[in-house]
Amino acid sequence: MSEKYEFILTYAERIIGILIALIGVSLTYNTYYNQSAAGWGAEYFIAIGVFLTFLGLLMLIVKLK
């Protein structure tokens, strides 16, 4: 693979990681402060938000070969 594509893939991975982390943080924050809107599934949505946050951070930390 050429260096041009490696450069693009590296930054694409970083941008997607940031987006996933931001979605996870906003999902966790909004569900935590408005649990009545989520009803019975509030804990479920908070857990998904925390998972997405960790997944996004993992994508930022891990490097492609």
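Brief remarks on what is shown
- Of the residues Leu27, Leu22, the single one that is surrounded by 12 or more Cβ atoms within 10 Å (Cβ to Cβ), out of contact with any Leu (no Cβ under 7 Å at 6 or more places or on another chain), among the hydrophobic types (A, V, I, L, M, F, W, C) and modelled with pLDDT of 90 or more is Leu22.
- The set of residues from the stretch 37-65 being part of a loop (DSSP other than H, G, I, E, B) and either hydrophobic (A, V, I, L, M, F, W, C) or surrounded by 10 or more Cβ atoms within 10 Å (Cβ to Cβ) (or both) comprises Val62, Leu64.
The values are calculated or read from the model by the stated rules, or taken from the named source; none is laboratory data. Predicted, not measured: the structure shown is a model, and the values here were computed from it. We place every Cβ from the backbone using ideal geometry, glycine too, and count neighbours over all the protein chains shown.
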